[in-house]
Amino acid sequence: MREALTLLLLAAIFAASVVNQLSIQRWAIWVARFDPWTFLPFWAFFAPNPAFADIHLVFRDRGIASTAWTEWTEVQLRSSNGWRWLWNPSRYEHKALHDMVNGMAMTAEAAKAANAPNAVELSSCHLGLVAWVMASPGIHTSQSRQFAVVQVVGHGRERTAHPVFVSREYTLG
Amino acid sequence: MVSPELALSVAGRASCASLGIGILEQLVILNRAFGAEGPFSLAITNVMGSAKFVRNLSVKSLRYILAVGAIASILGVVLGPYSLLGRSAFATLLVSVLIIRIRRVMGTDGAEQMATLVLFAIFIAVLPSLSKTAITLAVWFIGSQSILSYATAGIAKAISPTWRAGVGISLIMGSEAHGQPFISVVLARFPVFAKLLCWLVVLFECTFPLVLLAPEAITISMLLIGFVFHLGCAISMGLNAFLFAFPGTYVCVAYIAQQMSPNW
């Protein structure tokens, strides 16, 4: 009995894993209802589009008595060092930022197709970014905050940066 | 000859190592990343979909869960999945990892997914008691997931215009998160080498399932190449957890190949 149940369970999970590799949208939406934490794997690493850009989250504030914005400030993420082949705690924060930005990008694509312009602002990924940025310390007289997602490519002199998303203004406090 | 008991033990210990490193890393970043200003704060993870039963877990509670998970992972590596204490360690680690993942919502990767699947397979194979049949089924499951992972990754790259053009690795090396400036410069200077490297990765991943039909020597060679591949990914891209999670499944793959290949 136990062996039969084990076979059934593992076979079902493996079959579901195989289907999960096929990128079928209806399947992905259905699975996400039961597995929002992605225990069911998707094994297409760095493909078909390899992650080549770094994502940076920046914000600027506007004071109570001022209409002028402060300089853009980056939400600092932990950086890695030469030991990252064995010890790499910075990967979690960077991956979280990538997950939220990628989620927002997917919502933007779907919103465009569905002609739903507010969908991005109402998405959980966008709200997550808002919560993250708004929790970042700023100057104590700040009244409102705006954030941007900046894509950076390359190293050293070859480095280029451009904004891929700029939010509306949010009131602090 | 590879036994299913050996295969499961190696996969389990390697997964404990992979998850244990991740748990220790999360302990180091706990206050900052899971605190009010971090990406895994309660405010953010509640918006992103963490389950109700973890929503009120404070940073202090998470520290205890991670600490217990860290101890369990060390015990799992040392003891393996067959002794009573070892089985308890594996079960404890699985519960810790599940709670943390559900609480964190984001930030997971393929290594954590594979290691968690391995732990789950071991959990049902060795609890409440050892069962040779269940152990064998778990080995088949883990080996099959491993083969599926390489096949999927390979096919996804083979159909990608970016990878077919031979610039996939160059692009990745150009990033700070997963790249290396030195390697990026070398690949830019020698584009033919960059293209060759891309195609070698695609070839390796797409042909990995052929270990099921290949002679023993070729299967072992493929698995060794796989280890070198993951070592390279760890060094060049910082994918440290993959170095343990995926090669750890190779003895399971060897067991399946031993059963299936007419050429062993």
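Scan segment B:161-180 for residues that are among the β-branched types (Val, Ile, Thr), at the interface with chain A (Cβ under 7 Å from one of its Cβ atoms) and farther than 20 Å from B:Phe242 by Cβ and report the count.
1
Can you find a residue in segment B:80-87 that is within 19 Å of the chain's Cα centre (by Cα), at positive phi and either in contact (Cβ under 8 Å) with a residue 60 or more places away in the chain or not in a loop (DSSP other than H, G, I, E, B) (or both)?
So far as segment B:80-87 goes, yes, one or more of its residues are within 19 Å of the chain's Cα centre (by Cα), at positive phi and either in contact (Cβ under 8 Å) with a residue 60 or more places away in the chain or not in a loop (DSSP other than H, G, I, E, B) (or both).
Go through the residues of segment B:139-160 one by one and say whether even a single one is in a loop (DSSP other than H, G, I, E, B), within 10 Å of chain A (Cβ to nearest Cβ) and either in contact with a strand residue (DSSP E or B) (Cβ under 9 Å, 6 or more places away or on another chain) or surrounded by fewer than 21 Cβ atoms within 10 Å (Cβ to Cβ) (or both).
yes
Determine the pairs where a residue that is over 20 Å from B:Phe244 (Cα atoms), located within segment B:203-224, has a partner that is loosely packed, with under 15 Cβ neighbours inside 10 Å with Cβ atoms under 7 Å apart, the partner being 6 or more residues away or on another chain.
Pairs that qualify, where the first residue is over 20 Å from B:Phe244 (Cα atoms) and the partner is loosely packed, with under 15 Cβ neighbours inside 10 Å, are B:Leu212/B:Met260; B:Leu213/B:Asn263; B:Ala214/B:Asn263; B:Pro215/B:Asn263.
Under 6 Å by Cβ, and 6 or more places apart or on different chains, what pairs join a residue from segment A:147-171 that is part of a strand (DSSP E or B) with one that is among the acidic types (Asp, Glu)?
If the second residue must be among the acidic types (Asp, Glu), the pairs left are A:Val152/A:Asp54.
Can you tell me which of B:Ile65, B:Ile122, B:Ile102, B:Ile74 is modelled with pLDDT under 95 and in a helix (DSSP H, G or I)?
Unique residue meeting the criteria: B:Ile102.
Kindly establish whether B:Val192 is surrounded by fewer than 17 Cβ atoms within 10 Å (Cβ to Cβ), under 21 Å from B:Ala14 (Cβ atoms) and free of Cβ contacts under 8 Å to residues at least 40 places away in the same chain.
Considered against the rule, which asks whether it is surrounded by fewer than 17 Cβ atoms within 10 Å (Cβ to Cβ), under 21 Å from B:Ala14 (Cβ atoms) and free of Cβ contacts under 8 Å to residues at least 40 places away in the same chain, B:Val192 comes out as no.
Could you look through segment B:60-118, keep only residues that are of a type in the set (D, E, K, R) and within 23 Å of B:Phe141 (Cβ to Cβ), and pick out the one that is surrounded by the fewest Cβ atoms within 10 Å (Cβ to Cβ)?
So, considering only residues that are of a type in the set (D, E, K, R) and within 23 Å of B:Phe141 (Cβ to Cβ), the one surrounded by the fewest Cβ atoms within 10 Å (Cβ to Cβ) is B:Asp109.
Tell me, which residue of segment A:12-48 that is over 20 Å from B:Thr116 (Cβ atoms), at the interface with chain B (Cβ under 10 Å from one of its Cβ atoms) and within 22 Å of the chain's Cα centre (by Cα) is surrounded by the most Cβ atoms within 10 Å (Cβ to Cβ)?
Only one residue fits best here, namely A:Phe46.
Considering only residues of segment B:44-58 that are of a type in the set (A, V, I, L, M, F, W, C) and surrounded by fewer than 16 Cβ atoms within 10 Å (Cβ to Cβ), which is nearest to A:Leu129 (Cα to Cα)?
B:Ala51
Free of Cβ contacts under 8 Å to residues at least 12 places away in the same chain, within 30 Å of B:Arg164 (Cβ to Cβ) and out of contact with any Leu (no Cβ under 7 Å at 6 or more places or on another chain): which single residue out of A:Pro36, A:Pro48, A:Pro89 fits that description?
Testing whether each residue is free of Cβ contacts under 8 Å to residues at least 12 places away in the same chain, within 30 Å of B:Arg164 (Cβ to Cβ) and out of contact with any Leu (no Cβ under 7 Å at 6 or more places or on another chain) leaves just A:Pro48.
Please go through segment B:173-183 and give me each residue that is outside any loop (DSSP other than H, G, I, E, B) and surrounded by fewer than 23 Cβ atoms within 10 Å (Cβ to Cβ), ordered by number.
B:Pro181, B:Phe182, B:Ile183 - these are the residues of segment B:173-183 that are outside any loop (DSSP other than H, G, I, E, B) and surrounded by fewer than 23 Cβ atoms within 10 Å (Cβ to Cβ).
So which residues in segment A:49-78 are out of contact with any strand residue (DSSP E or B) (no Cβ under 9 Å at 6 or more places or on another chain), modelled with pLDDT under 90 and within 14 Å of chain B (Cβ to nearest Cβ)?
Listed by number, the residues that qualify are A:Asn49, A:Pro50, A:Ala51, A:Arg78.
Name every residue in segment B:171-206 that is closer than 26 Å to B:Ile147 by Cα and of a type in the set (Asp, Glu), in order of residue number.
Residue satisfying the conditions is B:Glu205 alone.
What single numbered condition from (1) farther than 24 Å from B:Ile172 by Cα; (2) more than 10 Å from chain B (Cβ to nearest Cβ); (3) in a helix (DSSP H, G or I) fails to hold for A:Glu109?
(1)
The values are calculated or read from the model by the stated rules, or taken from the named source; none is laboratory data. Owing to the predicted nature of the structure, the values given are computational and were not obtained by experimental measurement. Cβ coordinates were reconstructed from backbone atoms using ideal geometry, including for glycine residues, and neighbour counts include every protein chain displayed.
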